[in-house]
Number of protein chains: 2
Amino acid sequence: MVETARRREIEDVASTLFREHGYAGTSVRDIARALDIQGASLYAHVTSKQDVLWSIVERAATRFETSADAASTAAASGSDAMDGIAPASVRLAALVRAHVAVVTDDIGRASVFVHEWRSLTGERRAQMARRRDAYERRFRSVIDDGVAEGAFVAVDPVVAAAFLLTSLNGIATWFRPDGRIAPAALGDAYARLAVDALRPGGAVVRAEPIAEPVL
Amino acid sequence: MVETARRREIEDVASTLFREHGYAGTSVRDIARALDIQGASLYAHVTSKQDVLWSIVERAATRFETSADAASTAAASGSDAMDGIAPASVRLAALVRAHVAVVTDDIGRASVFVHEWRSLTGERRAQMARRRDAYERRFRSVIDDGVAEGAFVAVDPVVAAAFLLTSLNGIATWFRPDGRIAPAALGDAYARLAVDALRPGGAVVRAEPIAEPVL
DNA sequence: CCTACCGATCGGTAGG
DNA sequence: CCTACCGATCGGTAGG
């Protein structure tokens, strides 16, 4: 299937509907109706409903990966590192801001990426599972490094990464682009919350080590 | 519909299937098959598919509310308050632990409560929206109090509550009851992460106030 | 992009 | 809890 403007429209409309009603809860005719065409006419542009889901999810995955790559590169060579701030904190803050930016830029697609990828089947689903896992490992690595550096508390990297990533992905469920909160401000707020949650010293609530962490 | 043992089994099975495939992605016959009965036979025990969803969601909501009530009562009269720990920190930690306990106790029902309540219709959906909102306001209030006390940074209570609650609800998507992490240890870890994320002083990452918060 | 149509499956009912 | 069945809707195809 070629990449036409109409195809883009279909994916935009489908993103919104999948986000609101889920993949299974959205019919091909629902998508068509939103575009003012007949259900069967959709097949002049797409090969299947799964195909639409795949395009949305795959494209969103690439955006998250690209954004995280850019953030990592910038954080590694950034001047912030000289301000006496631990490298891991700078890197984590950059990853968080990058993720928030992608989610807030298109909550429809981000939401489908987060919640509906499970509706993919076969090799496509397996591929997405791998890519999601690799993405999560970026967070675990930074946290692991920060713990080693002493920039972060001795936290379980798997638990901490899950804590942060679910929070980050949750933005897709409540954020309103036309709301009170600007995307950049949200990125700042989340970066601070993330880094401070891991900051060592003076924990007022006790928490024992969990078990052998596996990265 | 009376509350029989069979009815309980149906809801258990339905919770698992709704969690894995969503409400729309699960057919009445899928539920019946998991119970080794015919699709139509299910209607000897339930009045509709919506009815099953409602039971699961309503019961889960009550559990979260009851657990939070108990946590708030305990935190208010607890001896922890005398250890020089700010009341808001104690209350927030208690709320977090209570939430983690409910989620880990039955991730199937918790997961349906978190993700599938949108599939409810009419007044039931509206009621759940109200109850979810009231639940979220518990978190906002504690955060607001903590900020006033000086126990927490000057964070936007709406953003901070969303950050924490989405993280808390996310547990339902990745936690495995038979895994490496014990529920109580997870509650401890999350309570520490939550309280420390809001702890004032030494923020290494800048974050400006967002706008007029609305509680 | 349309009309006409396909077999399969959906939630649910009737009557035992 | 079963068999038999209902109308509606599903994703998708044929042929223009």
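The values are calculated or read from the model by the stated rules, or taken from the named source; none is laboratory data. Quantities reported herein were computed from a predicted structural model and do not represent experimental measurements. Heads up, the Cβs are rebuilt from the backbone with ideal geometry, glycines too, and the neighbour counts pull from every protein chain shown.
A few comments on the model shown:
- Only one entry in A:ASP12, A:ASP36 is in contact with a Gly (Cβ under 9 Å, 6 or more places away or on another chain) and acidic (Asp, Glu), namely A:ASP12.
- The number of residues in region B:143-182 being more than 8 Å from chain A (Cβ to nearest Cβ) and surrounded by fewer than 16 Cβ atoms within 10 Å (Cβ to Cβ) comes to 8.
- A Cβ distance below 8 Å, combined with a sequence gap of six or more or placement on separate chains, defines the contacts here; from region B:23-41, residues that are within 11 Å of chain A (Cβ to nearest Cβ) reach residues that are near DNA strand C (Cβ under 8 Å from one of its atoms) in the pairs B:TYR23/B:LYS49; B:SER27/B:GLY39.
- Among residues of region A:14-66 being near DNA strand C (Cβ under 10 Å from one of its atoms) and of a type in the set (D, E, K, R), the one that is surrounded by the most Cβ atoms within 10 Å (Cβ to Cβ) is A:ARG29.
- If you check B:GLU3, B:GLU11, B:GLU20 for being away from DNA strand D (no atom under 12 Å from the Cβ) and not in a helix (DSSP H, G or I), only one passes: B:GLU3.
- No other residue among A:ALA151, A:ALA172, A:ALA161 is under 17 Å from A:SER89 (Cα atoms), under 13 Å from the mean Cα position of the chain (by Cα) and of a type outside the set (Lys, Arg) apart from A:ALA161.
Results for (1) more than 25 Å from A:GLU58 (Cα to Cα); (2) of a type outside the set (A, V, I, L, M); (3) out of contact with any Phe, Trp or Tyr (no Cβ under 6 Å at 6 or more places or on another chain); (4) modelled with pLDDT under 95, shown as yes or no for each residue.
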| position | (1), (2), (3), (4) |
| --- | --- |
| A:PRO87 | yes, yes, yes, yes |
| A:GLY108 | no, yes, yes, no |
| A:GLN127 | no, yes, yes, no |
| A:SER141 | no, yes, yes, no |
| A:ALA148 | yes, no, yes, no |
| A:PHE152 | yes, yes, yes, no |
| A:THR166 | no, yes, yes, no |
| A:ALA172 | no, no, yes, no |
| A:ALA185 | yes, no, yes, no |
